[in-house]
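Heads up, the thing below is written out as structure tokens.
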Amino acid sequence: MNICYGSEANTTLRLLGLLPMSGQGWIGGEAVLLPVKMALHDINNDPHILPGYNLTYNYIDSMCTEGVAVYRMFRELQAGLPYHMVLGDGCSTCSAATAQVSYLWNLTQLSYGSSSPILSDRKRFPKFFRIVTPEQKVNEARIQLMRKFDWNKVATIHQALEFFSVVTDDFVRRASDLNVTIITQEIFVHDPMSRVKNLKEHDARIIMTAMYEDRARAVLCAAYKVGLYGAKIVWVFAGWFSRTFWLVKQDDIDCTPEQMALVAEGAFFTSAVHFNPIEERGIHGMTVSEFLDRYYKDPDYNPDLEIYKVAFGQSYDHIWIAALALHCTDTELRRRDSPTASHPIHTLCVRCCVHDASVNKDVF
Ligand code: ABU
């Protein structure tokens, strides 16, 4: 499925979004659409940004699955109409897979929500950027939790993906520096039951997790079955999980919502700050509360997407960064009096403009 915001013209600049709309892991893609619509409206009506151009956005459903993401992106890029940037994915696994392909089309890729540390490797992902905090930086919050509550023993459990191994290794290094004892480190590929039993056998009380939310549901259900829950057990999950993630139905989970809620009770969620806590005006002159006010009043507002609220602001912002990068590229091409200057923006120069476009943003 794809949609197109904005109308086609020979001055059309085309963005290709990679959105996990279905599947498992993290499927907040639908929550990206309204902020994208708002940003395109603001940009296309701003006479100072990309004057004479019309910015449009199509998307594919990547299903938070690498193969699907690469296949559907490839199909879209082969279809004929030129794209000027790729935006996404919201799942790091898909970003890693697609970013190793999109640069071969000379396309710059900018993600609104991929937090895997590995994506900062410019050799592996030469034209990939993102506006979210890499996940290992959030480990500092987990360390501060350990300090705050005087916890001196901790266990970890993570899904066997490079993303989560790197995050967990970083946490273990920081915890060891604090003289915290790591009582066990559990790793699983799909079914976490034997690893959760091991946590129980080690009498784990504080458990740092690193995994996608479908696997976190499997962990909670396994924990219920082995009795690893109660007032003395603290689970720490990623803050980008959908709110009340433990209540989402899943084929391989046979625990009831009540049983899942019992285990999730008292869990902590750690993440970067997703909205500017200071009421200052951004590039379009809006504060965060003004942005949210507009968002909630929009006819396309869907309360079911509130569980993905962490994605709203960054989804709006990433379209602005793409637009500013394209604007900067256009300006630079005209300044150089390049033969391409009279044509729609050439993709070659976009990469060098991403940083310039994000002077007030963190791009990693
Ligand atoms: N947007 C969810 C973050 C998880 C990931 O980077 O895959």
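The values are calculated or read from the model by the stated rules, or taken from the named source; none is laboratory data. Keep in mind that what you see is a predicted model, and the values were worked out from it rather than measured. Using ideal geometry, Cβ is built from the backbone for each residue, glycine included, and neighbour counts are taken over all protein chains shown.
If you go through the stretch 274-311, how many residues are basic (Lys, Arg) and part of a loop (DSSP other than H, G, I, E, B)?
Total satisfying the criteria: 1.
Can you find a residue that is buried (at least 22 other Cβ atoms within 10 Å of the Cβ), at pLDDT 95 or above and away from the ligand (no atom under 14 Å from the Cβ) anywhere in the stretch 90-107?
yes
For Gly29, which of the numbered conditions (1) under 16 Å from Gln314 (Cα atoms); (2) more than 16 Å from the ligand (Cβ to nearest atom) fails to hold?
Unmet for Gly29, out of (1) under 16 Å from Gln314 (Cα atoms); (2) more than 16 Å from the ligand (Cβ to nearest atom): (2).
From the residues in the stretch 108-128 that are buried (at least 17 other Cβ atoms within 10 Å of the Cβ) and away from the ligand (no atom under 16 Å from the Cβ), which one is farthest from Tyr53 (Cα to Cα)? Break it down stepwise before answering.
Start the filter on the stretch 108-128 by keeping residues that are buried (at least 17 other Cβ atoms within 10 Å of the Cβ), which leaves 108-119, 125, 127-128.
Retained after the next criterion (residues that are away from the ligand (no atom under 16 Å from the Cβ)): 108, 127.
Numbers: Thr108: 19, Lys127: 23 Å.
Within the stretch 108-128, the match that is farthest from Tyr53 (Cα to Cα) is Lys127.
It is to be established whether one or more residues within the stretch 295-305 are within 21 Å of Thr244 (Cα to Cα) and crowded, with 17+ Cβ neighbours inside 10 Å.
Yes, there is a match, as at least one residue in the stretch 295-305 is within 21 Å of Thr244 (Cα to Cα) and crowded, with 17+ Cβ neighbours inside 10 Å.
Run Val248 past the list (1) crowded, with 22+ Cβ neighbours inside 10 Å; (2) within 15 Å of the ligand (Cβ to nearest atom); (3) without any contact (Cβ under 8 Å) to a residue 40 or more places away in the chain and report the number of the one that doesn't hold.
(1)
In the stretch 61-89, what residues are surrounded by fewer than 23 Cβ atoms within 10 Å (Cβ to Cβ) and touching a Lys or Arg at 6+ places or on another chain (Cβ under 8 Å)?
Residues satisfying the conditions are Asp61, Leu81, Pro82, Tyr83.
Name the residue that is surrounded by the most Cβ atoms within 10 Å (Cβ to Cβ), counting only residues in the stretch 157-210 that are free of Cβ contacts under 8 Å to residues at least 24 places away in the same chain and closer than 19 Å to Lys232 by Cβ.
Ranking the candidates gives Asn198 first.
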